[in-house]
1. Using amide H atoms built 1.01 Å from N in the peptide plane, name the residues 5+ places from LEU59, or on other chains, whose amide H lies under 5 Å from its own.
2. Taking neighbour Cβ counts within 10 Å as the exposure measure, how do SER56, SER72 sort from fewest upward?
3. Starting from 0.36 nm per residue, how many nanometres of slack lie between ASN41 and ASN10 once their C-alpha separation is accounted for?
Amino acid sequence: MPHSNRILSNVIKEAKRIHYDKKKSSNKGKTTGDVIKKLTNNQHSHTDTQELMIDSENLKDQQDIADAVTTSRLQLIKQVKII
């Protein structure tokens, strides 16, 4: 009996992992963001960026910075293939 309990436990764990992976992969943008955070070891940092230089353009307006970061992130998401 102990052997069958271990098998059942492993099957349940694997089913949960598969379910979680499917659920997580349904939101590709979030999944990509999570992968990027994990790879860069990035923790939540809530500091305001005062200036950002993109393509020789110095951005100071917070909305322009946010738009530029969003555009860059979307370009990265298009390059990353998630199965």
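1. Counting only residues 5 or more places away or on other chains, the set is LEU52, MET53, ILE54.
2. Working: SER56 5, SER72 12.
Fewest-to-most ranking of SER56, SER72: SER56, SER72.
3. Values: separation 31, 0.36 × 31 = 11.16 nm, distance 2.95 nm.
Between ASN41 and ASN10, full extension yields an extra 8.2 nm.
The numbers here are math on the coordinates, done by the rules we state, and not lab data. Just so it is clear, the structure is predicted and the values come from calculations on it, not from any experiment. Please note: Cβ atoms are built from the backbone with ideal geometry, for glycine as well, and neighbour counts cover all protein chains shown.
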